[in-house]
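Reading through the structure tokens given below for one structure.
The values are calculated or read from the model by the stated rules, or taken from the named source; none is laboratory data. Model, not experiment: these values are computed from the prediction. Reconstructed Cβ throughout: ideal geometry from the backbone, glycine too, with neighbour counts over all protein chains shown. Areas reflect the complete protein model, heavy atoms only, side chains present, ligands, DNA and RNA absent. Shrake-Rupley method; radii C 1.70, N 1.55, O 1.52, S 1.80 Å.
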Amino acid sequence: MTDYLNSIIERDPAAKSKLSIILTYPGVKSVFFHRIANNLWNLNLYTLARIISQFSRFLTGIEIHPAASVGKNLFIDHGMGTVIGETSIIGDNVTLYHGVTLGGISPAENSKNQRNTKRHPTIEDNVIIGCGASILGPINIGHCARIGANTVVLKDVQPHATMVGNPVKNISINKDTSFKPYGVRDIDDNK
């Protein structure tokens, strides 16, 4: 737990103390409840897992399906409106801002044939996804990638890429792995 809280302090300049994070950060609460719901899901206690998940959604405004796989140190900053679908896989040290959707591409079409198939994204380690971004379908977001705010991503993203816009485009490959929120990078305004 200490490592988790320290990882948030490293990524959020507004984090004043560990106690404040525990008591006031909805993303921390949602990850806590997700761990419980996920354990219940893995014990085939599906309805109880969904009840815990829905309670967490009511409390935090963040919806994480109990079957989603979440690595260590997931930080959901602000969080309201964030949705993480059933077959999503999230690596370690991932940062999501409010309103992010890790969703499927055709949830209401032929649902019977979509059961037990991978239909949500895989987010590798150290990825940052800006507010309002939608990552849709069984795609892969490579490690250390940055996804800008309100971007819609429908295809795989290579490691270290910075993706922005709609339609999405890659504006840089940066091997710098330091934390840079919202996909921000040094920009030469003269170019």
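Of note:
- Normalised per residue, the volume of the convex hull around the Cα set of region 34-119 (Å³): 98
- Other-chain or far-sequence residues with amide H under 5 Å of residue 122's (modelled H): 89, 139, 140, 141
- Between residue 158 and residue 177, full extension at 0.36 nm per residue minus the direct alpha carbon distance yields a gain of 5.4 nm.
- Cα gyration tensor shape of the chain, rounded if a/c is under 1.5, else prolate or oblate by comparing a/b with b/c: oblate
- Vicinal HN-Hα couplings computed from phi for region 122-132 (Karplus, 6.51 cos²θ - 1.76 cosθ + 1.60; Hz; Gly/Pro x): 10, 10, 6, 4, 6, 8, 10, 10, x, 4, x
- For the set 72/175; 29/169; 29/118; 155/175; 18/118; 29/155, the pairs lying more than 29 angstrom apart at their alpha carbons are 29/169; 18/118; 29/155.
- For region 1-68, chymotrypsin sites (Phe, Trp or Tyr not before Pro) are listed when DSSP marks them as loop and at most 14 other Cβ atoms sit within 10 Å of their Cβ; the list is empty.
- Element breakdown for the chain at a 1.4 angstrom probe: carbon and sulfur atoms account for 56% of the accessible area.
- Heavy-atom surface of the chain, accessible at 1.4 Å and reported per residue (Å²): 53
- Taking a point 7 Å out from the Cα of residue 14 in the direction of its Cβ, the residues of region 48-77 whose backbone N falls within less than 19 Å of it are 59-63, 74-77.
- Relative contact order (%) - the chain, alpha-carbon pairs under 8 angstrom, separation at least six: 12
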